[in-house]
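One structure is given below, encoded as structure tokens.
The values are calculated or read from the model by the stated rules, or taken from the named source; none is laboratory data. Only a predicted model underlies this, so the values are computations on that prediction, with no experimental measurement involved. Neighbour counts are summed over all protein chains in view; Cβ atoms, including those assigned to glycine, are modelled from backbone coordinates with ideal geometry. What goes into the accessible areas is simple: the full protein's heavy atoms, side chains included, and nothing from ligands, DNA or RNA. Shrake-Rupley method; radii C 1.70, N 1.55, O 1.52, S 1.80 Å.
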Amino acid sequence: LSNGAGYNPGSGARVTGCQNFSMVDCSVRDCRPYYGSGNGGGMFVSTSTGFLKRVSIRNCSTDSAGGGIYFDNSPMELERVRVTNCRAAWGGGLVVFGGTGVKIIACEIEDNTATALSGGGGGLWLRTANSVHVEKTLLRGNIGAQGSALLISDNSTGRINTSLLVRNGDPMTS
């Protein structure tokens, strides 16, 4: 999927109310909503279950949240997913909003930017999300005013195991 644009969330792909959704060996790139607004510049997933495997999300953006991917109350599993060079006011690479049970395993979240002056989660933003599990994942080169690699807020819970957070930086000092 490339050069997607739309008026609603999810300019590249929008998945709502789906059970056992899967996306394997796919690429979503260069997507942006019309007028810049709408969560999930590359992909928006709401009230759905399933998995993404060997998926590349790159060069996607929005003026809202989740430049690459925005999960809204969706217990999804990501394995070997790359989210790179994406931008949003909050959660430049990936946003997990609400819900429980998201798994991010062996993924690469690199060179993403949260653009708002108070924006956070350059790579990954967990907001009101529970039981998020991040394992064997690389967060590198992300930028945001709050939590360049990772921002955990609004009573979110989860764990990060055997992952690497490297060369992430504040936009004022990078």
> What is the list of residues in the range 7-31 whose amide nitrogen lies under 11 Å from a point 7 angstrom out from the Cα of T47, following Cα to Cβ?
Replying inline: 16-18
> Which whole-Hz couplings ³J(HN,Hα) result when phi for each residue of the range 106-116 is put into the Karplus expression 6.51 cos²θ - 1.76 cosθ + 1.60, θ = phi - 60°, listed in order with x for Gly and Pro?
Replying inline: 6, 9, 10, 10, 10, 6, 9, 9, 8, 8, 5
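What FRET efficiency comes out for L117 versus R54 if R0 is 25 angstrom and r is the Cβ-Cβ distance? Round to the nearest 0.05.
Values: r = 35 Å, r/R0 = 1.42.
So, using R0 = 25 Å, E works out to roughly 0.10.
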>> Let me see the P(r) profile for the chain: every Cα-Cα distance counted, bins of 10 Å, each bin given as a percent of all pairs.
In response: 13, 46, 36, 5, 0
> In the range 62-76, which residues have a backbone nitrogen under 17 Å from the label point lying 7 Å from S131's Cα in the Cα-to-Cβ direction?
Replying inline: 72-76
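Given Cβ point charges of +1 (Lys, Arg) and -1 (Asp, Glu) and nothing else, what value in debye, to the nearest 20, does the dipole of the range 1-78 about its Cα centre take?
Numbers: 6 positive and 5 negative charges, 32 e Å.
Here the range 1-78 has a charge dipole of around 160 debye.
Probe of 1.4 angstrom, ligands and nucleic acids ignored: what's the accessible area per residue over the chain, in square angstrom?
On the way: 7570 Å² over 174 residues.
Accessible area per residue, the chain: 43 Å².
Based only on Cα atoms, what mean projected area does the convex hull of the range 86-131 have, in nm²? Can you show the working numbers first?
Values: hull surface 12.6 nm².
Quarter of the Cα hull surface area: 3.2 nm².
Can you give the convex hull volume per residue for the Cα atoms of the range 123-174, as a whole number of Å³?
Values: hull volume 2.9 nm³, N = 52.
In the range 123-174, the Cα hull volume divided by residue count equals 56 Å³.
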>> Below 8 Å, C-alpha to C-alpha, sequence gap of six or more: please give me the relative contact order for the range 1-67 in percent.
In response: 39 percent
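Please report, as a whole percent, how much of the solvent-accessible surface of the range 86-174 comes from carbon and sulfur atoms (probe radius 1.4 Å).
On the way: 2000 of 3880 Å².
C and S fraction of accessible area: 51 percent.
Tell me the Kirkwood hydrodynamic radius of the range 8-64 in angstroms, computed as one over the mean inverse distance between distinct C-alpha pairs. Write out the running numbers ahead of the final one.
Working: mean 1/r = 0.0877 Å⁻¹.
For the range 8-64, the Kirkwood estimate is 11.4 Å.
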> Suppose every K and R has +1 on its Cβ and every D and E has -1 on its Cβ; what is the size of the dipole of the range 35-136 about the Cα centre, in Debye to the nearest 20?
Replying inline: 180 debye
> How large is the charge dipole for the chain, taken about the Cα centre, if only the Cβ atoms of Lys, Arg (+1) and Asp, Glu (-1) carry charge, to the nearest 20 debye?
Replying inline: 240 debye
> Roughly what % antiparallel, to the nearest 5, for the DSSP beta bridges in the chain?
Replying inline: 0 percent
